Amino acid sequence: MKRTRYVHGYSVREARRLEDQARTLAELLHGDIVYPAGSKVLEAGCGIGAKTVTLAANSPEAKFLSIDISEESLREARQRIESKGLMNVEFQRADIFNLTLAEESFDHIFVCFVLEHLEAPEEALIRLKKVLRTGGTLTAIEGDHGSAYFYPDSEYARRNIQCLIDLQARTGGNSLIGRQLYPLLTGCGFKDVQVTPKAVYADSSRPEMVEALPKTPLPRWSRGQGASPW
């Protein structure tokens, strides 16, 4: 099966955008995620480590293995973690579709803005589920590009968003996957699935968001979390 090899931070400009996105939205998206001391956490698709910093800092006594398919992205991620003085993260080059990790070896799995770029997100989740221990959790954060609203309405803005949706679909991705998280996770066998929509609002009273949102083309997110079904 053909699979999209999307790589976070494949250019300097993209890496900068991802860092801006993570910094602006860290508290909203995953600022409340805290893993218990001693937990083994797999971050699947860590990219340049923009989100890894927040995860590791929030759970200093948990142990993280952050994987990505790009060695270049991993080098930048290592540098970012080292610059923050964080010691609880190990990095490894790995392909989600060809994991060599031991089954049931992680207490928790975190995957953010990765599934939307894959032609076979179901297969990716099934493979990740194999390395999740009985009773463990998987947290998935994905975008929904089709949920952007504007006032006053703008035909150009709507066409721009639709262009992004169409282009991602042509590469085998799904930029509307955020609204599909519940059936996606339950269809892969996860139990006790809870989906929480997250929305970002900006107007002239929040100039920092007005500045940041054009760099972050993900107007609404869904976070799904489910326990292993074994």
Self-check item: In segment 191-213, the residues that are among the hydrophobic types (A, V, I, L, M, F, W, C) and touching a helix residue (DSSP H, G or I) at 6+ places or on another chain (Cβ under 7 Å)
Solution: Val193, Val195, Val200, Ala202, Ala212
Exercise. Check Ala202 against each of (1) in contact with a Leu (Cβ under 6 Å, 6 or more places away or on another chain); (2) surrounded by 16 or more Cβ atoms within 10 Å (Cβ to Cβ) and name the one condition it does not meet.
Key: (2)
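From Phe113, Phe106, grab the single residue that is surrounded by 19 or more Cβ atoms within 10 Å (Cβ to Cβ), in contact with a strand residue (DSSP E or B) (Cβ under 9 Å, 6 or more places away or on another chain) and either of a type in the set (Asp, Glu) or at positive phi (or both).
Numbers: Phe106 fails: either of a type in the set (Asp, Glu) or at positive phi (or both).
On inspection, the qualifying residue turns out to be Phe113.
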Practice problem: Give segment 52-72 a look and list any residue that's in contact (Cβ under 8 Å) with a residue 60 or more places away in the chain and surrounded by 24 or more Cβ atoms within 10 Å (Cβ to Cβ), or say none. | Solution: Asp68
Quiz prompt | Residue count, segment 1-51 (criterion: modelled with pLDDT of 60 or more, open to solvent by less than 50 Å² (accessible area, probe 1.4 Å) and assigned to a helix (DSSP H, G or I)) | solution = 6
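The values are calculated or read from the model by the stated rules, or taken from the named source; none is laboratory data. These numbers come from a predicted model, not from an experiment. Because the Cβ atoms are built from the backbone with ideal geometry, glycine has one as well, and the counts that use them run over all protein chains shown. Ligands, DNA and RNA are stripped out before the accessible areas are found, and what is left, the full protein with its side chains, is counted by its heavy atoms. Shrake-Rupley method; radii C 1.70, N 1.55, O 1.52, S 1.80 Å.
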